[in-house]
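The values are calculated or read from the model by the stated rules, or taken from the named source; none is laboratory data. The shown structure was predicted, so the numbers you read here are calculated from the model rather than taken from an experiment. For neighbour counting, all protein chains shown are included, and Cβ atoms are generated from backbone atoms with ideal geometry for every residue, glycine included. What goes into the accessible areas is simple: the full protein's heavy atoms, side chains included, and nothing from ligands, DNA or RNA. Shrake-Rupley method; radii C 1.70, N 1.55, O 1.52, S 1.80 Å.
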Amino acid sequence: MIRLFVMIQKELLELVRSFKLIWVPLVFLLLGIMQPVSSYYMPVILKQAGNLPEGAVIDIPLPDASSVMAGTLPQFGTMGLLILALVFMGAVSSERNSGAASLILVKPVTIASFILSKWSAMLILAWGSLALGYAGAWYYTELLIGSVPTKQIVSSMLVYGLWISVVMSFTLMFSTVLRSPAGAAFSSLGLAALLSLLASLLPKQAGWSPGALGGFATMIAANAEFGTSAFGWSLISSLIVIAGTLIISVGVLRGSPAID
């Protein structure tokens with residue numbers, strides 16, 4: 001356990017040295033505040049951007065505060081996930097290609113500790129960035145539009161954070177299986193997009209999958225009703241998928257000739 005903590009500290013130190021622990025949360029913060037600010041100033045933006053006749057009045061009612069927070073989450077699900085996947089696409093593959101993984105595993109470090117340290121650092125950055133971005137969106141929503149109950153904010157963030165954890169686990173798994181960092185990034189994003197699409201198009205057949213978590217988080221933020229049974233199975237399946245990806249990553253790395 002002590003060696004695992006040391007490995008996690010090493011991964012976090014690398015994130016600090018590469019400034020990823022700084023600029024990734026700032027990007028999420030920018031993505032978060034864009035939604036309430038653009039919603040509030042949309043009439044002004046349309047007036048300045050559109051060729052409207054003189055004297056025309058644009059009257060767009062402000063959206064509900066809960067709807068604004070719900071609209072913030074898809075921002076993290078598109079650009080946010082893309083950034084995280086690109087940041088961590090070479091988490092294992094780059095070190096395998098350079099031989100750094102072999103040098104680390106020659107020391108008294110288990111493959112499980114190596115994988116778990118990568119995974120932990122990924123989640124620390126992902127969850128920290130999500131929390132900062134969502135807190136920024138909440139602050140500006142309260143300031144410009146209206147209040148949103150704390151329970152909705154915390155619950156929706158936790159559910160969406162679990163979905164991001166699933167995608168990060170995909171990224172780690174493909175980074176272990178594939179030698180190409182780009183292939184790992186786009187494989188994980190492609191699988192995540194497929195799961196989300198299936199959950200959206202086939203809610204009865206695929207509503208229990210991890211791909212439905214984004215939709216559930218949005219509904220929680222918007223204070224909308226949804227089926228608790230499917231939600232519960234979605235949570236369980238997500239935890240199973242995360243555990244499965246970690247087991248696959250350890251197994252693939254253990255059987256890799258480059259490590260042996």
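Considering only residues that are of a type in the set (Ser, Thr, Tyr) and within 14 Å of residue 203 (Cβ to Cβ), look in segment 229-260 and name the one that is modelled with the lowest pLDDT. Spell out how you get there, then give the answer.
Applying the first criterion (of a type in the set (Ser, Thr, Tyr)) to segment 229-260 yields 229, 234, 237-238, 245, 249, 256.
Those left that are additionally within 14 Å of residue 203 (Cβ to Cβ): 229, 234.
On the way: 229: 84, 234: 93.
Filtering segment 229-260 for residues that are of a type in the set (Ser, Thr, Tyr) and within 14 Å of residue 203 (Cβ to Cβ), the one modelled with the lowest pLDDT comes out as 229.
Anything in segment 186-223 that is assigned to a loop (DSSP other than H, G, I, E, B) and under 24 Å from residue 80 (Cα atoms)? List them, or say none.
Narrowing segment 186-223 to residues assigned to a loop (DSSP other than H, G, I, E, B): 202, 207-209, 222-223.
Hits for segment 186-223 are 207, 208, 209, 222, 223.
Based on what the data block shows, is residue 22 open to solvent by 70 Å² or more (accessible area, probe 1.4 Å), among the β-branched types (Val, Ile, Thr) and modelled with pLDDT under 80? Spell out how you get there, then give the answer.
On the way: open to solvent by 70 Å² or more (accessible area, probe 1.4 Å): yes; among the β-branched types (Val, Ile, Thr): yes; modelled with pLDDT under 80: no.
Against the criterion (open to solvent by 70 Å² or more (accessible area, probe 1.4 Å), among the β-branched types (Val, Ile, Thr) and modelled with pLDDT under 80), residue 22 does not qualify.
Looking only at residues of segment 202-222 that are open to solvent by 50 Å² or more (accessible area, probe 1.4 Å) and closer than 29 Å to residue 148 by Cα, we find that the one that is modelled with the lowest pLDDT is 203. When the test is whether a residue is crowded, with 23+ Cβ neighbours inside 10 Å, out of contact with any Phe, Trp or Tyr (no Cβ under 8 Å at 6 or more places or on another chain) and among the hydrophobic types (A, V, I, L, M, F, W, C), residue 137 passes it.
Does segment 105-115 hold any residues that are within 28 Å of the chain's Cα centre (by Cα) and open to solvent by less than 60 Å² (accessible area, probe 1.4 Å), and which are they? First the steps, then the outcome.
Of the residues in segment 105-115, the ones within 28 Å of the chain's Cα centre (by Cα) are 110-115.
Scanning segment 105-115 gives 111, 112, 113, 114, 115.
Look at segment 224-235 and say how many of its residues are open to solvent by 40 Å² or more (accessible area, probe 1.4 Å), free of Cβ contacts under 8 Å to residues at least 12 places away in the same chain and assigned to a helix (DSSP H, G or I). So the count comes out to 2. Right, residue 113: farther than 21 Å from residue 40 by Cβ and touching a Phe, Trp or Tyr at 6+ places or on another chain (Cβ under 6 Å) or not? In short, no.
Inspect all residues belonging to segment 251-258 and state whether any of them is open to solvent by 60 Å² or more (accessible area, probe 1.4 Å), among the β-branched types (Val, Ile, Thr) and in a helix (DSSP H, G or I).
Restricting attention to segment 251-258, the residues satisfying the condition of being open to solvent by 60 Å² or more (accessible area, probe 1.4 Å) are 254, 257.
The next check asks that each one be among the β-branched types (Val, Ile, Thr); those that pass are none.
The answer is no; no qualifying residue exists.
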